[in-house]
Every structure is written in C-alpha cells, then in structure tokens.
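Heads up: the structure comes next, in structure tokens.
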Amino acid sequence: IEMRQHGQIKIAGRWWPFRCRQALDPLRGYVWPVRTSIAGLPLIGFDLLADGEAELTHRLFGVIPVVHMQEPGLVRSAAARAASEICWSPATALHPALSWHVVGPDEAVVSIPVAGETVDVTLRAARDGSLVSLTTRRWTRSDDGSWQWRTFGARVLQETTFAGFTVPSRVVAGYGDDFAGAGAFIRLVVDDLIAH
C-alpha cells in the first residue's frame, strides 16, 4: 500500500501540520517519511520498520538531529503500529497467517504476526460494516525513558473508497482510554491510496 497523508501531529504539547507519503505492508513493516514545521522551522524525518528492525530519525532542516531511536524496544512498538494499520490494507485481512476471533456483534480481534511479535488488534464496526475504531497494546517509551505497555487506539471519523478499497480516510489516534481526546497525538487525512 502507498498512501499520501496530511494532518497534525502533537509535539511538546502543541499541534503541528505534517505531510507524508507512506509505504505499508502490515505483515512486514512500513516507511513513513514525514515533513512538518515547528515554529516555522522544517522538521524532516522518517519512522521505519523493515526486516525486523525499527528506526525513528527526525532532523531540523533535515540536518540537525532532534530524534534518533534504533533499539529493540522500538521494534516491538513499531510492530504494533504496523499491525494496527491493517485498516488501510483490507486485502491483508485475508492472509492465512492471521487469526480472527469474534468478540461480539460489532467487535472482532485479529492476531497479526509482524517483526517477531504477535499483535492482537481489536476492531469495532458500525452496523453498516464501517470501521469505528481499533485498539491494541503498544510498547511505548515513558517520560522517564522506561518502556511499558499502553493502550493505543484510533477512532475513524470518515471512510473513503480508493481504487475499490474502502478505508479510513480521516482518523485521530493516541494513547490511553481517551485515545481520541486528551490522549491523541495524531490527526490524519488520507489523500490518496494505491494498493499493489
């Protein structure tokens, strides 16, 4: 899957605009090259999960390091992100490596193997079949630098059909029970999606 996205990302307690073009395979990983502007200064970087390794690198003016992470804990976190992004790759839902469990009339859990992890993603749908939200447990770094499991979720605000696939096109995502409210850190819009 290739997607063009734009939206807002929360950095240091403030919302900043971003644009990106993401390549995604929920069973293998992603590359999310992103460009944002903080106080008028360009921040350019990428999030990556490929071949069982993960990296976050973001630089001011594309040169001055602001964030650089490449460690085992990040792989576990990135695996959960890749799995949760199955919502943009509906055909992947049919892959034989996935296992599905119905939890209720509007809820199912899919177990997704990615980067040596098995990630359980809970999907909630409306009566018409449209996706309402998804949640998973994500390994995240806390303010003190330690890693911990936290609830990660995304609320779908709108769906759009691209080349025959109806997918979330407006999403807000974040951490905790109020992942779409106080815990939100990203609001994104999918401008285009190409399935390969």
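Every number in this text was worked out from the coordinates using simple rules, so none of it is lab data. Everything numeric here is computed off the predicted structure, so don't read it as measured data. Cβ: placed from backbone, ideal geometry, glycine included. Neighbour counts: every protein chain shown.
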Could you please find all residues in the stretch 139-166 being of a type in the set (Ser, Thr, Tyr), closer than 30 Å to Glu71 by Cα and in a strand (DSSP E or B)?
-> Thr140, Thr151
Of the residues Leu157, Leu94, Leu123, which single one is surrounded by fewer than 20 Cβ atoms within 10 Å (Cβ to Cβ), among the aliphatic types (A, V, I, L, M), more than 22 Å from Ala50 (Cβ to Cβ) and touching a strand residue (DSSP E or B) at 6+ places or on another chain (Cβ under 7 Å)?
-> Leu157
Residues that are within 18 Å of Cys20 (Cβ to Cβ): find the strands (runs of 3 or more DSSP E) completely inside the stretch 41-132 holding 2 or more of those.
-> 41-50, 53-60, 64-69
Could you please find all residues in the stretch 2-47 being in contact with a Lys or Arg (Cβ under 9 Å, 6 or more places away or on another chain) and charged (D, E, K, R)?
-> Glu2, Arg4, Lys10, Arg19, Arg21, Arg35, Asp47
Confirm whether Thr136 is assigned to a helix (DSSP H, G or I), touching a helix residue (DSSP H, G or I) at 6+ places or on another chain (Cβ under 6 Å) and over 21 Å from Gln8 (Cα atoms).
-> no
